[in-house]
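This report concerns only the one structure given below.
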Amino acid sequence: MHILFACPHHDPDAWVPRLAAAMPGCRISVWDPDGPPSGADVALVWRPPAELFKHETGLTTLFNLGAGVDALLKMPEIPSHVRIVRLEDAGMAVQMAEYALYALLRVSRDFEAFDHAQARQHWDTREGSRPADWPVGVLGLGQVGLRVAQTLAGFGYPVAGWSRSPRDVPGVESFAGVAALPAFLARTRFLVNVLPLTPDTVGILNRDTLSRLLPGAHLVNVGRGEHLVEDDLVQMLEEGEIAGATLDVFHTEPLPRDHPFWHDARVHVTPHIAARTLRDESIAQIAGKVAQLQRGEAISGVVERSRGY
């Protein structure tokens, strides 16, 4: 099998030797837009240029070096017969759980307030709150959402999850379907969004949904920037309808220097680092699936284009 590394944003010298070692029976090459078509069957991609698919017409399978495939699904240049495969976890779920836990402890244990007190040399002996005061809601119960929900529940926080279809998760209250979303939000003070981006989830974090949260609510968005109606959050912060937010993804990245999120102390901004692609874990997963394909077996992680994930 011929595998093409077509990731302009990744250093091929850091990937190709490891790919070759993990798949000794495969030919590994790097895409050259100025060269002749490679004849590859499979391509490893991340934010590929449209000309790749005009140039490499023999591709049958794309492995996306990330969990989110929304950018690929927006590319009309990718033929409908080409199979798109997303990374399943590959070390990203635990990173997301760490990020959500960090944000939760930061607000529920008043660590941000203690930072401000230190800057004023003030010995702040506030009483603090209990985990029960911070009911958590996780939007999305795929592999990442499950890890986030179970991790936070393990620290004694009451956790609920919302998903498109019912999920049975020990220690996590389950809500499913559009009709259950208001009740899910109404019991949530700390909302973590890990949904995939689909036409149904664009703008799901808006004034209507966020206003249903418990008083003093905090939002964490590690899904996609397009999930959040940013102007709605700015206004709700100004009006005191939501206490704060931890945001890792944005409509425009890098976040413009004049964006109000930079200047609002209630918003904690990170530069899309909640979960990075781990090279060795990703290669191991891809190598395993390539071996399955070579044996004629079905593989998991294949994207259903009609669903968007």
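Which residue out of Val192, Val159, Val169, Val178 is of a type in the set (A, V, I, L, M) and open to solvent by 20 Å² or more (accessible area, probe 1.4 Å)?
On the way: Val192 fails: open to solvent by 20 Å² or more (accessible area, probe 1.4 Å); Val159 fails: open to solvent by 20 Å² or more (accessible area, probe 1.4 Å); Val169 fails: open to solvent by 20 Å² or more (accessible area, probe 1.4 Å).
Result of the check over Val192, Val159, Val169, Val178: Val178.
Go through region 116-156 and give me each residue that's assigned to a helix (DSSP H, G or I), surrounded by fewer than 12 Cβ atoms within 10 Å (Cβ to Cβ) and under 28 Å from the mean Cα position of the chain (by Cα).
To start, the set of residues in region 116-156 that are assigned to a helix (DSSP H, G or I) comprises 116-119, 131-133, 143-154.
Adding the requirement that they be surrounded by fewer than 12 Cβ atoms within 10 Å (Cβ to Cβ) leaves 118-119, 132.
Selection gives Ala132 alone.
So, in region 198-209, of the ones that are open to solvent by less than 20 Å² (accessible area, probe 1.4 Å) and part of a loop (DSSP other than H, G, I, E, B), which residue ends up nearest to Val229 (Cα to Cα)?
So the residue we want is Gly203.
Failed condition for Ala183, given (1) hydrophobic (A, V, I, L, M, F, W, C); (2) crowded, with 18+ Cβ neighbours inside 10 Å; (3) assigned to a helix (DSSP H, G or I); (4) in contact with a strand residue (DSSP E or B) (Cβ under 9 Å, 6 or more places away or on another chain), with all others met?
(2)
Determine the pairs where a residue that is of a type outside the set (A, V, I, L, M, F, W, C), located within region 21-33, has a partner that is surrounded by 16 or more Cβ atoms within 10 Å (Cβ to Cβ) with Cβ atoms under 6 Å apart, the partner being 6 or more residues away or on another chain.
Filtered contacts from region 21-33: Ser29/Leu4; Ser29/Ser38.
Could you check Arg106 against (1) in contact (Cβ under 8 Å) with a residue 40 or more places away in the chain; (2) surrounded by fewer than 20 Cβ atoms within 10 Å (Cβ to Cβ); (3) in contact with an Asp or Glu (Cβ under 8 Å, 6 or more places away or on another chain); (4) assigned to a loop (DSSP other than H, G, I, E, B) and say which number it fails?
(4)
Please pick out the residue among Glu304, Glu297 that is over 18 Å from the mean Cα position of the chain (by Cα) and on the phi < 0 side of the Ramachandran plot.
Every option except Glu297 fails the conditions.
Can you tell me which residues in region 161-179 are under 18 Å from Leu197 (Cα atoms) and either charged (D, E, K, R) or free of Cβ contacts under 8 Å to residues at least 12 places away in the same chain (or both)?
Our first condition is that a residue be under 18 Å from Leu197 (Cα atoms); within region 161-179, this holds for 161-165, 176-178.
Residues satisfying the conditions are Arg164, Val178.
Considering region 13-32 alone, what residues qualify as being under 15 Å from Phe63 (Cβ atoms) and assigned to a helix (DSSP H, G or I)?
Trp15, Val16, Arg18, Leu19, Ala22, listed by residue number.
If you scan region 258-297, which residues turn out to be closer than 24 Å to Leu19 by Cα and touching a strand residue (DSSP E or B) at 6+ places or on another chain (Cβ under 6 Å)?
Ile286
List the number of the failed condition for Glu51; all other conditions in (1) open to solvent by 20 Å² or more (accessible area, probe 1.4 Å); (2) modelled with pLDDT of 95 or more; (3) within 21 Å of Glu297 (Cα to Cα) hold.
So the condition that Glu51 fails would be (3).
Can you give me the number of residues within region 136-160 that are touching a residue at least 40 places away in the same chain (Cβ under 8 Å) and more than 18 Å from Ala176 (Cβ to Cβ)?
The number of residues fulfilling the criteria is 5.
The values are calculated or read from the model by the stated rules, or taken from the named source; none is laboratory data. All values reported here derive from a predicted model rather than from experimental measurement. Note that each Cβ is placed from the backbone with ideal geometry, even for glycine, and that neighbours are counted across all protein chains shown. Surface areas here come from the heavy atoms of the whole protein model, side chains and all, with no ligands, DNA or RNA. Shrake-Rupley method; radii C 1.70, N 1.55, O 1.52, S 1.80 Å.
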